[in-house]
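S.K.: Let me begin by handing over the structure; questions about it come next.
The values are calculated or read from the model by the stated rules, or taken from the named source; none is laboratory data. The model shown is predicted, which means the values in this text are computed figures rather than measured ones. Neighbour counts are summed over all protein chains in view; Cβ atoms, including those assigned to glycine, are modelled from backbone coordinates with ideal geometry. Accessible surface areas use protein heavy atoms only, side chains included; no ligands, DNA or RNA. Shrake-Rupley method; radii C 1.70, N 1.55, O 1.52, S 1.80 Å.
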Amino acid sequence: MGKTHSGVGSGWLNGLIGVVIFSGSLPATRIAVQEMNPFFLTFIRASLAGLLAIGLIFFFRQKRPQRNQLFSLIIVALGVVVGFPLLTAMALRHVTSAHSIVFLGLLPMVTAVFGVIRGGERPRLAFWIFSVIGSLLVMTFALFQDASLSTTGDLLMLASIIVCGLGYAEGAKLSRELGGWQVICWALIISLPLMLIATFETMPDSMDVISLKGWIALGYVSLFSMLIGFIFWYRGLAAGGIAAVGQLQLLQPFFGLGLSATLLSETVSPSMIGVTLGVIACVIGSRRFAR
């Protein structure tokens, strides 16, 4: 039975909110990783989010996932709780957050591919055409913004996009059974014991080296990037379709640049406006032909 129009619309709205929240993730990670070991940053953000997840699960008295759902939860945990945060934190030691936008342009395509493999979706050919054009627009724009190159950083970012796309698609598929916020909460809880141990093992000798700005960045990636953003994102993917709603990620770099212009008084160029309009057109087109 097909999804209702209201359900699909709700999926796109929730997906858009998730993308807006995620748009601050890489800049915040870039700030934090300047003062923290990338391993410690990955483990402590997952630990903090995991402790909050336990509170949510108990407060709302959610049932435990079934045994046949554990494998999918492990994939989600490996993809978005550990894999993407760790690989991007390591990559951002070598490349700037602006350069990482190049790879965010690939994330919608990767998510759509895993949506086909793991979610059983079958978008039309026109969808893939719009998706490829949108990805190329983002990547071309990003390359012109920052020409710095690092083979190590680029390979780490590429790996992070692959595991993230898998985690998104697997979580979205499972959200149809468990619910969006329950999936990310259970993935965080499954990871928590190892994350707590790893946090203490990688903890710096002194926390005095971490500035207030570093703590704020850690707070953002722990609360918003690791938990709240996924509540909206998984709900959106499950309701609107993994491949279709996943195309909203094409807008993520531009939301990030928009925040930079607002908060840091950075210049928004006419080319950015033009590319953004082109990307929006691709998102609209891909939505039309997603099924």
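S.K.: Whether any residue in segment 132-152 is under 29 Å from Met195 (Cβ atoms) and not acidic (Asp, Glu) is what I want to check.
M.R.: Yes, there is a match, as at least one residue in segment 132-152 is under 29 Å from Met195 (Cβ atoms) and not acidic (Asp, Glu).
S.K.: Of everything in segment 148-158 that's open to solvent by 10 Å² or more (accessible area, probe 1.4 Å) and in a helix (DSSP H, G or I), which residue is nearest to Asn14 (Cα to Cα)?
M.R.: Leu158
S.K.: Ala112 fails exactly one of the following numbered conditions: (1) closer than 21 Å to Ala28 by Cα; (2) modelled with pLDDT under 95. What is the number of that condition?
M.R.: (1)
S.K.: Hey, another quick one. Regarding Ile184, is this residue part of a helix (DSSP H, G or I), touching a helix residue (DSSP H, G or I) at 6+ places or on another chain (Cβ under 6 Å), modelled with pLDDT of 90 or more and within 28 Å of Leu106 (Cβ to Cβ)?
M.R.: Yes, satisfied.
S.K.: Among the candidates Gly105, Gly83, Gly79, single out the residue that is farther than 26 Å from Ile197 by Cβ and in contact with a Gly (Cβ under 9 Å, 6 or more places away or on another chain).
M.R.: After applying the criteria, what remains is Gly105.
S.K.: Anything in segment 33-62 that is aromatic (Phe, Trp, Tyr), assigned to a helix (DSSP H, G or I) and more than 19 Å from Phe200 (Cβ to Cβ)? List them, or say none.
M.R.: Scanning segment 33-62 gives Phe58, Phe59.
S.K.: Now, a different point. Return the residue satisfying two criteria in turn: it lies in segment 13-48 and is among the aromatic types (Phe, Trp, Tyr) and over 21 Å from Gly256 (Cα atoms), and of such residues it is surrounded by the fewest Cβ atoms within 10 Å (Cβ to Cβ).
M.R.: Here the answer is Phe39.
S.K.: Still on this model: Out of the residues in segment 84-107 that are open to solvent by less than 10 Å² (accessible area, probe 1.4 Å) and at pLDDT 85 or above, state the one that is nearest to Asp154 (Cα to Cα).
M.R.: Once the filter is applied, the top-ranked residue is Ala91.
S.K.: Which of the residues belonging to segment 130-147 are out of contact with any helix residue (DSSP H, G or I) (no Cβ under 8 Å at 6 or more places or on another chain) and either modelled with pLDDT of 85 or more or open to solvent by less than 60 Å² (accessible area, probe 1.4 Å) (or both)?
M.R.: Matches in segment 130-147: Leu136 only.
Table: residues versus (1) within 14 Å of the chain's Cα centre (by Cα); (2) touching a residue at least 12 places away in the same chain (Cβ under 8 Å).
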{"residue": "Thr151", "(1), (2)": "no, no"}
{"residue": "Ile162", "(1), (2)": "yes, yes"}
{"residue": "Leu166", "(1), (2)": "yes, yes"}
{"residue": "Leu174", "(1), (2)": "no, yes"}
{"residue": "Val183", "(1), (2)": "no, yes"}
{"residue": "Trp186", "(1), (2)": "no, yes"}
{"residue": "Ser191", "(1), (2)": "no, yes"}
{"residue": "Leu194", "(1), (2)": "no, no"}
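S.K.: Also: Among the candidates Ile197, Ile216, Ile161, which residue alone is surrounded by 14 or more Cβ atoms within 10 Å (Cβ to Cβ) and outside any loop (DSSP other than H, G, I, E, B)?
M.R.: Ile161
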